[in-house]
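K.L.:
This is the structure I have questions about; it appears just below.
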Amino acid sequence: MSHRFKNAVLAVLICFIISNVQAQSKKPEKDSPEKVREFFVASLVKIGDPVLTALSNNQLKMLMPVEKSPGAWDERTHVTYLEAFGRTLSGMAPWLELGPDGTSEGKLRAKYIALAQKSIHNATDPNAADFMNFVNDKQPLVDAAFFAQALLRAPKQLWEPLDVVTKENVITALKSSRKIEPYNSNWLLFAGMVEAAIIKFDKEEDANRLNFGLSKHKEWYLGDGIYGDGPDFHWDYYNSFVIHPMQLDILNLLKDKNSDYKKDYETVLNRSRRYAAIQERLISPDGTYPPIGRSLAYRFGAFQLLSQIALWKELPKDIAPAQVRSALYFMINNQINAKETFDKNGWLQIGLYGHQPNIGEGYISTGSLYLCTEAFLVLGLPATDSFWTTAYQPWTQKKIWSGQEIPIDHASK
C-alpha cells in the first residue's frame, strides 16, 4: 500500500470519526421552539396511538402485548388494559381539549379526539370485546381514577360529545369501582378522583370517599412541598405521579362548587409550586434525573407535576417557562430515543432507559408504562403560547454547572 494511499485512507477515517463524534455530541436542547413542540406532539402520538387505535377498534385485548417484570405478582391481564387506557387518556387530555382546527396539528388532534371517544365507548360498554375491568382486584381503582382525571381535564372533547348511553356506561363503570377499598396511602386520592368526576358529570357522590383522602393528606404533609405516602416519607416520585396532581385536580373542581375548599386549594397549589421548583432542579445538565424509589418504569411521567404547574401558568417567578420546556424536551428526548423503549410494533417496554425488565415491580406490566404520557400535559398550552414561542433558556442545573449565577434556593414555609 503506497504512502499516499495510506494517508488518504487515514484522512477519510479521521473525517469519519470527527463527523461521528460531532453527531453524537450534538445536543438537541437548543432546537427551535417550533421543532420542540413538533417533537412533543410526535412523541405523545407515538406513545398513545397503539393504545387508542386498538381500543377504538375493540382490539386492545387482542393486540396489546402484556410484558411483566420477572417478579410480577400475577398475569396482570385482568388489570393492564385499563391501565393503558386510563393513563394514556389522562396524559393526552389537555392536548385533546384544545380541539380540532385547520392546522396540521389541529387535524391530528381531530383524529385522536375521535379515537378517544370511540375508546371510551368500547372501554365502558359491557357488550364490547374491550370492556374494561373496573371491579376485580384492587388495581382497577387506580386506573378508574386516571380515566376520571382525563374526563375532568378534557370535558369538552371527552365528555360532552358522548352519546347518552355511553355517558351512562361511564358513570356506571366509575361507580362500580367503589367496591374497592383503597390502601391508607396515596390510593385514597384515587377514590377521591372518581368521586370528583361523579360530582362533575352526574350526582350522588360518596362524600366520605371524596374527602377522606384530602383530609389525610393534610395530616401527611411533611413540609417544603413534600407529602408522605401515608404517614411515612418515601423517597420516590409519587408526589408527582399522584399526590400533587390529583389533589390539584380534585380541589380545582371543588373550589368552584363550594367556597369552603378555596383555602385548601390555595394551600395545595403553593405546595405544588414548591415541589415543581424542586423537580426543575432535579434535571441534570445532560437531561437525566436521580433513579430513586419505586415505579421508575413510568419514565418521564415522574415529572407530571412540573408539566402541570407549567400548564396552569403557576411556575415560581424565578423559573422561566422556556427553561422548563427546554429541560423537559432534553429529558424526554433522552429516554424516548433510547434503544428498545418500544417493541417492534410500537408498544412501550418495561424500563427507565430503554428495555430493562428487572426495573419493574410486581405490579408493573405493559399497561402501567403509559403513565409516562403525563409529562406531556404542557401540550394543553396552544402553540401560540409563550411557553412554546420563547427562545431556548437553560434550566437551573444547566446554568450552575456552566458557571452561571442562579437564584438561591429556599424552603417553603
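The values are calculated or read from the model by the stated rules, or taken from the named source; none is laboratory data. Please read these numbers as outputs of a predicted model, since none were measured by experiment. Backbone-built Cβ (ideal geometry, glycine too); neighbour counts: all protein chains shown. For the accessible areas, the whole protein counts, side chains as well, though only heavy atoms, and no ligand, DNA or RNA atoms are used. Shrake-Rupley method; radii C 1.70, N 1.55, O 1.52, S 1.80 Å.
K.L.:
Report, ordered by the first and then the second residue, all pairs with beta carbons closer than 8 Å, sequence separation of six or more or different chains, a first member in the stretch 95-115 that is farther than 20 Å from Leu311 by Cα, and a second member that is of a type in the set (Ser, Thr, Tyr) and open to solvent by less than 40 Å² (accessible area, probe 1.4 Å).
P.N.:
That search, which allows pairs on different chains as well, returns Ala114/Ser56; Leu115/Ser56.
K.L.:
Still on this model: Could you tell me which numbered condition Asn333 fails, if it satisfies all but one of (1) open to solvent by 10 Å² or more (accessible area, probe 1.4 Å); (2) within 24 Å of Pro285 (Cα to Cα); (3) touching a residue at least 12 places away in the same chain (Cβ under 8 Å); (4) part of a loop (DSSP other than H, G, I, E, B)?
P.N.:
With respect to (1) open to solvent by 10 Å² or more (accessible area, probe 1.4 Å); (2) within 24 Å of Pro285 (Cα to Cα); (3) touching a residue at least 12 places away in the same chain (Cβ under 8 Å); (4) part of a loop (DSSP other than H, G, I, E, B), Asn333 is out only on (4).
K.L.:
Could you tell me which of the residues Tyr261, Tyr183, Tyr227, Tyr237 is aromatic (Phe, Trp, Tyr) and touching a Lys or Arg at 6+ places or on another chain (Cβ under 7 Å)?
P.N.:
Tyr261
K.L.:
Within the set of pairs 6+ apart or on separate chains, which have a first residue in the stretch 286-304 that is under 17 Å from Arg325 (Cβ atoms), a second that is among the acidic types (Asp, Glu) and crowded, with 19+ Cβ neighbours inside 10 Å, and C-beta atoms under 7 Å apart?
P.N.:
Filtered contacts from the stretch 286-304: Gln304/Glu374.
K.L.:
Is it the case, given these coordinates, that Gly354 is of a type outside the set (S, T, N, Q), at pLDDT 95 or above, surrounded by fewer than 19 Cβ atoms within 10 Å (Cβ to Cβ) and more than 17 Å from Met64 (Cβ to Cβ)?
P.N.:
yes
K.L.:
Report, by residue number, each residue of the stretch 134-170 that is polar (S, T, N, Q) and buried (at least 20 other Cβ atoms within 10 Å of the Cβ).
P.N.:
Gln139, Gln149, Gln157, Asn169
K.L.:
Being among the acidic types (Asp, Glu) and closer than 18 Å to Leu141 by Cβ: is that true of Glu219 here?
P.N.:
no
K.L.:
A further question follows. Any idea which of Pro65, Pro70, Pro50 is touching a helix residue (DSSP H, G or I) at 6+ places or on another chain (Cβ under 8 Å), modelled with pLDDT of 95 or more and not in a helix (DSSP H, G or I)?
P.N.:
Pro65
K.L.:
I've got another one for you. Give me a count of the residues in the stretch 379-397 that are part of a helix (DSSP H, G or I) and open to solvent by 50 Å² or more (accessible area, probe 1.4 Å).
P.N.:
The total comes to 2.
K.L.:
Still on this structure, please answer the following. Residues that are surrounded by 22 or more Cβ atoms within 10 Å (Cβ to Cβ) and in a helix (DSSP H, G or I): does the stretch 256-265 have at least one?
P.N.:
no
K.L.:
Same structure again: Going by what's in this entry, would Phe376 be described as in contact with an Asp or Glu (Cβ under 6 Å, 6 or more places away or on another chain), outside any loop (DSSP other than H, G, I, E, B) and either open to solvent by less than 50 Å² (accessible area, probe 1.4 Å) or not small (Gly, Ala, Ser) (or both)? Outline the logic, then answer.
P.N.:
On the way: in contact with an Asp or Glu (Cβ under 6 Å, 6 or more places away or on another chain): no; outside any loop (DSSP other than H, G, I, E, B): yes; either open to solvent by less than 50 Å² (accessible area, probe 1.4 Å) or not small (Gly, Ala, Ser) (or both): yes.
Criteria not met by Phe376.
K.L.:
For the stretch 98-109, how many residues meet the condition of being open to solvent by 40 Å² or more (accessible area, probe 1.4 Å) and assigned to a helix (DSSP H, G or I)?
P.N.:
Going through the stretch 98-109 one residue at a time, the tally reaches 3.
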